[in-house]
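Below is one structure, written out as structure tokens; comments come after it.
Please treat every number below as a calculation from the coordinates, not as lab data. As the structure is a prediction and not an experimental result, all values here were calculated from the model. Counting neighbours? That spans all protein chains shown, and the Cβs are built from the backbone with ideal geometry, glycine included.
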Amino acid sequence: MVEVTLWGSLAALAGGKSKVEIEAKDIRELFRKLAEQYPGLEPLIEKGIAVAIDGTIYRDTWSKELPQGAEIFLLPRLAGG
Amino acid sequence: MNFDPRYSGRSFTSVGTRPIRPDGVDKVTGRARYGADFNMAGQLVGRVLRSPHAHAKIRKIDTSKAEKLAGVKAVITAADLPDLTDGDAAMYDILDNCMAREKAFYDGHAVAAVAAVDARTARQALKLIEVDYEVLPHVVDVDEAMKHTAPLLNDAIFTEGLDEKPVKPSNVTKRTQFGHGDIQEGFGQADFVVERSFKTEQTHQGYIEPHACVANVSSDGTADLWVCTQGHFVYRQHCAQLLGMEASKLRVTSSEIGGGFGGKTHVWAEPVALALSRKAGRPVKLVMTRDEVFRASGPTSATSIDVRIGARKDGTITAAEATLRYSCGPYAGMWAEIGAMTAFACYKLDNVKTVGYEVLVNRPKTAAYRAPSAPMAAFAVESAVDELAKEIGMDPVDFRIRNAAQEGTRSSYGPVYGPIGIGPTLEAAKNHPHMKAPLGKNQGRGMACGFWFNFGGQTCTDLNIGMDGSVSLAVGTVDVGGSRASLSLVAAEELGIDYGQVKAVVADTSSLGYNDMTDGSRGTFSSSMATISAARNAIKVLRERAAQTWDIPVDDVIWEKGHAIAKGEKYGNLAALSLKEIAAASGKTGGPIAGHSELVADGAGVSFATHICDIEVDPETGSTRVLRYTVVQDAGKAVHPTYVEGQYQGGAAQGIGWALNEEYIYGKDGRLQNPGFLDYRIPVCSDLPMIDTQILEIPNPNHPYGVRGVGETSIVPPLAAIANAVSNAVGVRMTHIPMSPPRILAAIEAEREG
Amino acid sequence: MRYIRPLSIEDAAGLLAGSTGTAAILAGGSDLLVRMKGGFIEPDLIVDIKAIEGLNEIRETSEGFGIGAAVPCAVLGESKALKKAWPGVVEAANLIGSKQVQGRCTIVGNLCNASPAADSVPALVAAGAKAVVVGPGGRRTIAVEAVPTGPGKTSLAKGEIIEAILLDRRPPRAGDAYLRFIPRTEMDIAVVSAGVNLTLDEQGRVKSARLALGAVAATVILVEEAAEVLVGSKLDEATLERLAKVCSGACRPIDDKRGTIEFRRKVAGVLAKRAAIAAYKRAGGK
Amino acid sequence: MAGVAVSTTINGDDVEYLCQPDETLLDVLRDRLGLTGAKEGCGTGDCGACSIILDDRLVCSCLVLGAEAEGRRVETIEGMAHGDSLHPLQQKFLEHAALQCGICTPGFLIAAKDLLAKNPDPTEEEIRFGLAGNLCRCTGYDKIVRAVQDAASVMKGA
């Protein structure tokens, strides 16, 4: 079980919750279960969401494991120059 | 793949030196080929017809007269492109921007295009295309566009992210929010509160090379595209998707690129060129004019920002809040969102809240511009921070040091920071001789901090060792400012050979796996990671070949300083084999030697900078002069320090132009008044002093060498640093960027008259 | 479209007079080619006047200077005699565009382009310069301020060409100066500009004065009231304040992408003062 | 529209071409003669990327008609190095990393060459004003100015 923090706008789509508990071992499972439990999040997950694990941001790495007790933070995927 | 990207703290031989770049000689002799320097036999000239209206319904387009003109080989409108109406909304928007389908949304929006035998015929053909417009009311100002009474750009858009689903359509596409803590409580603890509103005008990346491409579509469905781009793989995907082609049948070659700064991360005319070529059955060259670049590529947002910050008497910030409204052009974007994330990223805050609004206006589609959205937010926040320091009576540097984020701080956008450089850049600025230099009459000093995330992303690199022992490195991230030199250094470092033995090239989309764009300061960070990985894979092969030559187990072979060495006393009489020797025998030991790498470069370390500047203001005219400028920034590890300095200086110069003179000026008719370098005033050589740099190296723990991206952060602090300097020089807080002479003079006069 | 390079001014005038479509004179081309590039003009005939004898010369005579219509502004800056006599005119001409543009642009072109913001024109008007006009009706000499009649419009008739600009010989104790305001340090069009030409008496009082302002009305304006303020003074503080007021008052500017009405009014006064001081010093005033 | 026949000298070579009366020298160089070292950044004389030297005068080739080159001497970036030996300015631009994207570089080199020909020992301010007609968006000009200063000192010593 990991605790996932959602940024402001995501929280609105997850029924106003800014923190959710998910049973997931890696990023792929996290996305799948988030989409199941909070269908409002699905389109955003499809478009791409970044996951910060203990402060390090991962963009495309489904296989990245979510260590127990790690701080998991969901962020929008950004554009850069 | 068992590649370990963690920082190892090693010492370096090649990395950190300053050799001449591999593409240098071609660039100083005029031989380097940019977007417009490529031609094909039988090529046609493509040109685009653009809307003169800021907002108009396209009732009908009659191209028949143009088609009949001798020498015209193809004319296209949106009707010739796939109808993505019910498909992916983002792709629909990209294509609609390339060629307007139902409405022209801004002055310069493409409505038709021709391919003809020469430029003169193409120009004439454009004049023969008849477009029946129904001109609609328009809005270009971000605050005006948010009003309920504003003309609507798109009546299918309802603001996302509101607590209650809106019942009426709006120009605001989305509301986003970031932060933590309780700001009401935080402001309750404050002894001082500063609240201010700011505006910034729209600016353009101002790359000197206009967009240019040559498209060649064959009747068998294969195609080639030569183009100046920051990301040829992304261009391939987009063009293929927009035109219904197979990606692998479209080969995109990235030319040398004459500047991008984010502006060449989006497709503009490339799908049009491909469509023209497909219709004409001949190659088509399409080069934008400077006027078209300003009117119809992707400038940055115009913004309107409110900031409120509270602090205790001891200088501790107790609460910070910002509302940010960013223009997106006619299509949904995430520009205010990025502004909202970056606004307070430099500070350690218990209570912080930022809200962003994405606003549609009748201006060209907003594109990324170097640390997109961050400079405007930093301008507002860092101006307010200066004001607050003044109210408390603290030195602005000390005030920032007291509140600076550090390792373990929860960032204002969410995650907790690892090792970061904001504190060290501030300490370095505090101790810099610039801070102590005397100032004269009408002169002011300002400083400010800036933050950018930095990206990683998908990266693929090939390293091939020739039989003569020379190494060719094929990378897929476009070189915008010297990365071929940096990546050659990395390959040389890893292999233990001379820099001169390595030749780096940017490979086309058919020669290498997918790469994300060179954006988000990721080029050197990501491709160096992939290069290290590829080199390590090559070393594994080199060791195997040496083991085979010696007929000993590969585990007994180590790689050191460019040589395979048999480890252990029992091999005492075996002379080390050089890379060159192993390469020479490769044909007999198993064939070519290469190392490949495909990875997602995660863990880009965030970047911070602190800038200091001195400005003199002529109080009678509002004219400004930049007297001195200093950049302090964390690079993690500077691979090629000269090019790192170049990034610092270039970003600062762009920021100076933005702060003082650059802006999109629209007339009442919604037309852009200054689509040229004459009146869109980027800094010229005589406008600037030398720009001093100080590189700090706080290693990124997620890169083997500690590298962080360095390209973008340098444009974040200048708006604020200069605004603080001008405000200090004239004694009036400047709240509107650019601080052009008329604005400064008006502010001085208003203050004088009370 | 035709491109013709006549060898005499009469031939050039004849070609222009006889043209049926749009005809354009090409000297430096720094305005013409920009307008062609932007599609604002598509000439049927381009008459390149650079091969015409004498048009590439600066002539110094007992009466003063004659600057040929094809002399690039860079050459003005290289003429020591002209620079000594009319430093304000030369500095104005040398402010047009970049070094690259300097190698091509001409003061006659600058005058005939008829922009109210033309850099060399206020200095020429202040200098009392004259234009030699050649046309089907022969040769006539007119004051430079009579040439532009509005933005992009001149008083020249079809077939008329300006052959040269004439500047008087300088009396003792004379000086001129030109200043413009631009947002950057180079490469901009003047937002406001001022040219001042003064002669002093033996006591250092202003004996005669001409002051012209640019970019503050439809054409460059000669501010006659400014001359009245200056004459008889030694440019004391009160005179300069009056001068600034008079000049600000003489402006009839517009708001545009380069500046506001208020800004132009205010800065016109500031530049008039500063240019007057510079001209006064050059004339030997203390 | 009748073409104009032009005989001229480019980088010391006699060259003949036919061009349209409204065609710029820049277009002739790039599209007819394959000399793509001069770049079009604006086409209006504001950026200097198309700088060439025409009879010892620095000009923007976008503001010159191809027809005007008749009987004149044109120098472009392609003629700046002698064989494989670079001009000191080219060498110093490389050493100082005075280019990032490099699109403005040919124009800067030509303008700097003209500047040093007229003023072999320029001050920093003279360099900055002398090169104000050339826009660079990457470097902030710092390393360009230093490269020109360094080249000037090398060329004086030579």
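Below is a table of values for the structure above.
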item	result
Burial ordering of B:Cys346, D:Cys60, fewest other beta-carbon atoms within 10 Å first	B:Cys346, D:Cys60
Alpha-carbon gyration tensor eigenvalues x 5, square-rooted, for the protein assembly as shown, Å	52, 37, 32
For the stretch B:118-159 versus the stretch B:286-312, the gap between their alpha-carbon centres in whole angstrom	18 Å
FRET efficiency, A:Ala35 to C:Ser155 (Cβ-Cβ, R0 51 Å, nearest 0.05)	0.10
Volume in Å³ per residue [convex hull over Cα atoms, computed for chain C]	121 Å³
Å³ per residue enclosed by the Cα convex hull of the stretch B:541-583	62 Å³
Kirkwood Rh (inverse of mean 1/r, distinct Cα pairs), chain D, angstrom	15.9 Å
Environment charge at B:Met467 (Cβ cut-off 15 Å; Lys +1, Arg +1, Asp -1, Glu -1)	+2
B:Ile737 long-range amide H proximity, modeled H, under 5 Å	B:Lys199, B:Thr200, B:Glu201
For the stretch B:411-508, alpha-carbon Rg and Dmax in angstrom	21.2, 67
Space enclosed by the convex hull of the alpha-carbon atoms of the stretch C:1-114, per residue, Å³	111 Å³
Share antiparallel - DSSP beta bridges, chain B, percent rounded to 5	75 percent
Calculated FRET value between A:Lys17 and B:Asn431, using beta carbons and R₀ = 51 Å, to 0.05	0.65
For residues of D:60-72, the mean tally of beta carbons on other chains within 10 Å	5
Whole-number D in µm² s⁻¹ for the stretch B:653-754, Kirkwood Cα-pair radius fed into Stokes-Einstein, 10 °C, 1.306 mPa s	97 µm²/s
Relative exposure of B:Val167, C:Val206, judged by other C-beta atoms within 10 Å (fewest first)	B:Val167, C:Val206
Amide N proximity, the stretch B:654-673 versus C:Lys257 label position 7 Å along Cα-to-Cβ, cut-off under 15 Å	B:661-673
Kirkwood hydrodynamic radius of the stretch C:58-168, Cα pairs, Å	13.8 Å
Local electrostatic count, D:Leu54, Cβ distance below 10 Å [Lys/Arg +1, Asp/Glu -1]	0
Gyration tensor over alpha-carbon atoms, the stretch B:564-688, equivalent ellipsoid semi-axes in Å	56, 21, 14
Rg(Cα) / (2.2 N^0.38 Å) computed for chain B, rounded to two decimals	1.00
Under 13 Å, Cβ to Cβ, from B:Ala145 - net charge with Lys/Arg +1 and Asp/Glu -1	-1
Spin-label pair C:Arg205/C:Lys234, simplified geometry with 7 Å Cα→Cβ offset, distance in nm	1.1 nm
Relative contact order (%) - the stretch C:190-282, alpha-carbon pairs under 8 angstrom, separation at least six	31 percent
Karplus-derived HN-Hα couplings along the stretch B:261-270 (A = 6.51, B = -1.76, C = 1.60, θ = phi - 60°), whole Hz, x at Gly and Pro	6, x, x, 10, 9, 10, 7, 10, 9, 5
Crossing angle, helix D:142-157 versus chain D [Cα axis fit, 0-90 degrees, rounded to tens]	90 degrees
Whole-number percent relative contact order across chain D, with pairs defined as alpha carbons under 8 Å at least 6 apart	23 percent
Low-density loop cleavage sites - GluC sites (Glu not before Pro) in the stretch D:72-158, where at most 10 other Cβ are within 10 Å (DSSP)	none
Part-to-part distance (alpha-carbon centres) for the stretch B:200-279 and the stretch B:543-581, which is given in Å	47 Å
Global size of the stretch B:300-341 as Cα Rg and Dmax, reported in angstrom	13.9, 46
Percent of alpha-carbon pairs separated by more than 22 Å within the stretch C:190-282	22 percent
Within the stretch D:17-117, chymotrypsin sites (Phe, Trp or Tyr not before Pro) in DSSP loop having at most 12 other beta-carbon neighbours inside 10 Å	none
Kirkwood Rh, Cα atoms: Rg over Rh of the stretch D:4-79	0.91
Dimensionless Rg/Rh of the stretch D:88-157 - Kirkwood Rh, Rg from C-alpha atoms	0.91
Alpha carbon centroid spacing (whole Å) that separates the stretch B:421-494 from the stretch A:1-80	31 Å
Solvent-free Debye scattering, log10 I(q)/I(0), computed from the Cα coordinates of the stretch B:141-193 at q = 0.23 Å⁻¹	-0.85
Computed over the stretch C:58-168: relative contact order in percent, which uses C-alpha pairs under 8 Å that are six or more apart	29 percent
Viscosity 1.002 mPa s, 20 °C: Kirkwood-radius Stokes-Einstein D of the stretch A:2-76 over Cα pairs, µm²/s	179 µm²/s
Cα Rg, Dmax, the stretch B:163-304, angstrom units	22.1, 73
Sites B:Glu749 and D:Asn119 - FRET efficiency at Förster radius 56 Å, r taken between beta-carbons, to 0.05	0.85
